[in-house]
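Below you will find the structure I want to go over with you.
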Amino acid sequence: MTNIEKYTIFLIEQYRSKFGISANSTYNLFKEKGIFEYINDTFEAIHTLDSDFVVSEIDGLVRG
């Protein structure tokens, strides 16, 4: 498993926990909204940031 994959799973869990939804629902939401591409494209920059900040950024992208 790559570091990006591990970080993606971590963010799914963080998002799921913050918003009280299932991991499956979070996965589907991330897939639908292009969040996996965002994580892959920005991994080098975002993986060093505070996870609460990153989850907030992702939520902004989800809510568009």
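What tally of residues in the stretch 1-46 results from selecting those that are in contact with a Phe, Trp or Tyr (Cβ under 7 Å, 6 or more places away or on another chain), aromatic (Phe, Trp, Tyr) and closer than 14 Å to Leu61 by Cα?
Residues meeting the conditions: 2.
Could you grab the pairs with beta carbons closer than 6 Å, sequence gap of 6+ or different chains, first residue in the stretch 19-30 and without any contact (Cβ under 8 Å) to a residue 40 or more places away in the chain, second one of a type in the set (Ser, Thr, Tyr) and surrounded by 12 or more Cβ atoms within 10 Å (Cβ to Cβ)?
If the second residue must be of a type in the set (Ser, Thr, Tyr) and surrounded by 12 or more Cβ atoms within 10 Å (Cβ to Cβ), the pairs left are Thr26/Tyr15.
Table: residues versus (1) surrounded by 13 or more Cβ atoms within 10 Å (Cβ to Cβ); (2) in a helix (DSSP H, G or I).
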residue	(1), (2)
Met1	no, no
Glu5	no, yes
Thr8	yes, yes
Ser17	no, yes
Thr26	yes, yes
Ile58	yes, yes
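Rule-based calculations on the coordinates, nothing more; no lab input. On a predicted model such as this, the values are computed, not experimentally measured, just so you know. As a convention, Cβ positions derive from the backbone with ideal geometry for all residues, glycine included, and neighbour counts pool all protein chains shown.
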